[in-house]
1. For the subset of the stretch 106-130 comprising residues that are modelled with pLDDT of 95 or more and aliphatic (A, V, I, L, M), which member is nearest to Asn182 (Cα to Cα)?
2. So for the stretch 168-189 (the condition being more than 30 Å from Glu106 (Cβ to Cβ), hydrophobic (A, V, I, L, M, F, W, C) and at pLDDT 95 or above), does at least one residue qualify?
3. Take the conditions open to solvent by less than 50 Å² (accessible area, probe 1.4 Å), of a type in the set (A, V, I, L, M), assigned to a helix (DSSP H, G or I) and more than 30 Å from Asp110 (Cα to Cα) and apply them to Ala225. Does it pass?
4. Which condition number does Gln283 fail, the rest of (1) closer than 21 Å to Ile179 by Cβ; (2) open to solvent by 100 Å² or more (accessible area, probe 1.4 Å) being met?
5. Of the residues that sit in the stretch 237-270 and are outside any helix (DSSP H, G or I) and within 13 Å of Phe281 (Cα to Cα), which one is most open to solvent (accessible area, probe 1.4 Å)?
6. Which residues, taken from the stretch 101-110, are open to solvent by 20 Å² or more (accessible area, probe 1.4 Å) and either in contact with a helix residue (DSSP H, G or I) (Cβ under 8 Å, 6 or more places away or on another chain) or within 11 Å of Cys142 (Cα to Cα) (or both)?
7. Could you check, for the stretch 182-191, whether at least one of its residues is in contact (Cβ under 8 Å) with a residue 60 or more places away in the chain, outside any helix (DSSP H, G or I) and surrounded by 21 or more Cβ atoms within 10 Å (Cβ to Cβ)?
8. Can you report the number of residues in the stretch 119-151 which are hydrophobic (A, V, I, L, M, F, W, C), in a helix (DSSP H, G or I) and closer than 18 Å to Lys94 by Cβ?
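The values are calculated or read from the model by the stated rules, or taken from the named source; none is laboratory data. Because the structure is predicted, anything quoted here is derived from the model rather than measured. When we count neighbours, we look across all protein chains shown, and the Cβ atoms used for this are built from the backbone with ideal geometry, even at glycine. Each accessible area value is taken on the protein alone, full model and side chains, heavy atoms only, with ligands, DNA and RNA left out. Shrake-Rupley method; radii C 1.70, N 1.55, O 1.52, S 1.80 Å.
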Amino acid sequence: MLIVSNQTMGDTNKHSQKLQSNEEVIKEITKDLENSCLNSDKNTAENITSNLDTNNTNVTADSWDITDKEHDGSNSNNTQNTDVLEDVDEELLKDREINLTETEKEALKDEAERLKNIGNVLFKDGEYVHAISLYTQGLQTCSLAYDKERSILYANRAAAKTKCQIDKNSAISDCTKAIELNSSYIKAYIRRAQLYEETDKLDEALEDFNKVLTFDPSHTEANHAVRRLPPLIEERNEKLKAEMLSKLKDLGNMVLKPFGLSTNNFELQQDPNSGGYSVKFNQNPR
């Protein structure tokens, strides 16, 4: 099993420290890069490094992204405890950004790309918890100036969270963040729509699938979804309506019981002309 250190931004991000120079910030963030990915099997580590070097050639922002289907097998790590995973404090990142040059920001983006690539390898190997850690480190590292790259890191982390059965609301939040950073990010809309449907938020899922069709009218899954979901929403609404009426009826019977009456004594009649309703009282209901 591949073991990856959970290196974070460290002391550079703490408000309590004295302001460091830009060079010190970069040095602190990127120190010991060669040791950030540990493995008990040296040959395995060398193979992964080789793959990452190949993947890093002419990398573009679009090539950062992963596909949920890249690993569909089950893995014992899917249900690992993820309480130790850290989140991203963008306020601290904003403080860090103030005095960074464009060259330094690009260096941070490149380091985030390296972390992302390791995370993608872990994702493909089914090491979802470790992949989440690497994507988080990438978000803690990548300059806020690179919206598209950060949006992909959030979307990839959402995919990994979904795979390892973390709270789906957390994965939805990551998809939402990805969309905020890149409003035309189709894959983030699709992932969020799927998560919405899995959490019975059918209206929100339908809205996201419809949004996808505004970018890609031929998108197969979205086209199927916009035909499949409306009947499910109608069925759910009818069920909720029936449950609500049943509860109201029970409440009415409780109020009327001391008077020897029940809701059966009252009948709603609709006026065919106005469409309004009137209540008819029956002393002896059937």
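1. It comes out as Ala112.
2. Yes, the stretch 168-189 has at least one match.
3. On the way: open to solvent by less than 50 Å² (accessible area, probe 1.4 Å): yes; of a type in the set (A, V, I, L, M): yes; assigned to a helix (DSSP H, G or I): yes; more than 30 Å from Asp110 (Cα to Cα): yes.
Against the criterion (open to solvent by less than 50 Å² (accessible area, probe 1.4 Å), of a type in the set (A, V, I, L, M), assigned to a helix (DSSP H, G or I) and more than 30 Å from Asp110 (Cα to Cα)), Ala225 qualifies.
4. Result: Gln283 passes all but (1).
5. Once the filter is applied, the top-ranked residue is Leu268.
6. Residues satisfying the conditions are Thr101, Glu104, Lys105, Glu106, Ala107, Lys109, Asp110.
7. From the stretch 182-191, those in contact (Cβ under 8 Å) with a residue 60 or more places away in the chain are 187, 191; that's our starting set.
Those still in the list that are outside any helix (DSSP H, G or I) too: none.
Taking every residue of the stretch 182-191 in turn, none turns out to be in contact (Cβ under 8 Å) with a residue 60 or more places away in the chain, outside any helix (DSSP H, G or I) and surrounded by 21 or more Cβ atoms within 10 Å (Cβ to Cβ).
8. Within the stretch 119-151, the first condition is being hydrophobic (A, V, I, L, M, F, W, C), and the residues that meet it are 121-123, 129, 131-132, 134, 139, 142, 144-145.
Applying the additional criterion that residues be in a helix (DSSP H, G or I) yields 121-123, 129, 131-132, 134, 139.
The next check asks that each one be closer than 18 Å to Lys94 by Cβ; those that pass are 139.
Total satisfying the criteria: 1.
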